[in-house]
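The values are calculated or read from the model by the stated rules, or taken from the named source; none is laboratory data. Only a predicted model underlies this, so the values are computations on that prediction, with no experimental measurement involved. For neighbour counting, all protein chains shown are included, and Cβ atoms are generated from backbone atoms with ideal geometry for every residue, glycine included. Heavy atoms of the whole protein, side chains included, go into the accessibility calculation; ligands, DNA and RNA do not. Shrake-Rupley method; radii C 1.70, N 1.55, O 1.52, S 1.80 Å.
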Amino acid sequence: MAAAYRPGPRNLITDVVGLRVGNAQDDALKSGSTVLVGDVPFVASVHVMGGAPGTRETDLLAPDKTVAAVDALVLSGGSAFGLDACSGVMDGLRAMGRGFAVGPMHIPIVPGAIIFDLINGGAKDWDENPYRTLGRAALDDASADFAHGTAGAGTGALAAMQKGGLGSASVVLPDGTTVGALVVVNALGSVTTPGDRHFWAAPFEVDGEFGGLGPDPTSGLGAPPDSRKEKAMMQRARAGMNTTIAIVATDAPLTKTQCHLMAVTAHDGMARAIVPAHTPMDGDLVFAAATGVGDPVDDQRMRDIGAAGAICLSRAIARGVYEATPAEGDLLAVYREMNRR
């Protein structure tokens, strides 16, 4: 029998050496921002499979582009307004002397992606875009330990049947390689099977990290129920109000092309945990990051890292929803409130 995956010491993406995560949120706004920052620049790429993405600087991450490394990656609420969180992160990194050197100037490279949470019940009547400030605050908050659930970019996230959130998970492979995932779950699809009790990701759960109820014992589960999220928002908007955005990371020395392949493979984990995923009304996106240095990663090791990234992402999605907490004005209930025992 193959050895079971075991999480890293925190069961967070920050088990990958050299990475920290920071959150900032505004509870009245019902939104926030999350940043993944490296102690030093790291290799990164991206893959998009949803039909309605919102992004900044992602073209730089294509394997054929010349940018070799980035300083940080940003996940944010706020739809297009939220992309300004990247500016706040850039401000903070520049103040630290970080960034790509061009003569006397340093330009931090900070790609980002956003979810749509503009009609989730929060106060969005700002005069000045708040996301630049939230991005800077998230960077200032960055550490190895961070909150998940209703935190950072997951503060106002909604899945189909219950409140969404910010989730993370990690795994240490038998050869010592660490892989982790960070995700904001704001999907059109459902993370739970009909009845709201069992997670689609249940087969990959480790040590009861999202309730320990196991897989749904019933069959014929292919058709998801009618979305409570869609009903709650129907009077306000029908389309483009979804997205799951994620980062998978490893301490292996991946090339930019290998990071791209890792991002592609990680989307399998999204599809295993959300039904349906990658719809025309989702902006589903996965960044991949690698912090390692050393000998090149061969195809067999790359296969294992990619598979682990997909499983970590499935687990992180379920954890983000499981850890969500209620707040005044929520449109949907939280998972644990729905499944009190």
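Some notes on this structure:
- Any hit, region 2-12, residues being without any contact (Cβ under 8 Å) to a residue 12 or more places away in the chain, of a type in the set (A, V, I, L, M, F, W, C), at negative phi and open to solvent by 50 Å² or more (accessible area, probe 1.4 Å): yes
- Of the strands (runs of 3 or more DSSP E) contained entirely in region 145-262, those carrying at least 2 residues that are within 16 Å of residue 324 (Cα to Cα) and under 21 Å from the mean Cα position of the chain (by Cα) fall at 165-172, 178-186.
- Every pair of residues 6+ apart whose Cβ atoms lie under 8 Å, when the first sits in region 206-227 and is open to solvent by 40 Å² or more (accessible area, probe 1.4 Å) while the second is among the hydroxyl-bearing types (Ser, Thr, Tyr) and in a loop (DSSP other than H, G, I, E, B): 218/193
- Within region 50-62, none of the residues are closer than 27 Å to residue 172 by Cα and basic (Lys, Arg).
- In region 276-321, the residue that is most open to solvent (accessible area, probe 1.4 Å) out of those that are among the polar types (S, T, N, Q) and over 26 Å from residue 207 (Cα atoms) is 300.
- If you go through region 66-81 and keep only what is free of Cβ contacts under 8 Å to residues at least 40 places away in the same chain and either open to solvent by 20 Å² or more (accessible area, probe 1.4 Å) or within 23 Å of residue 270 (Cα to Cα) (or both), you end up with 66, 79, 80.
- In this entry, residue 143 passes the filter for residues that are under 29 Å from residue 297 (Cα atoms), polar (S, T, N, Q), modelled with pLDDT of 95 or more and surrounded by fewer than 24 Cβ atoms within 10 Å (Cβ to Cβ).
- All told, residue 54 meets the bar of being at pLDDT below 95 and either open to solvent by less than 10 Å² (accessible area, probe 1.4 Å) or closer than 27 Å to residue 327 by Cα (or both).
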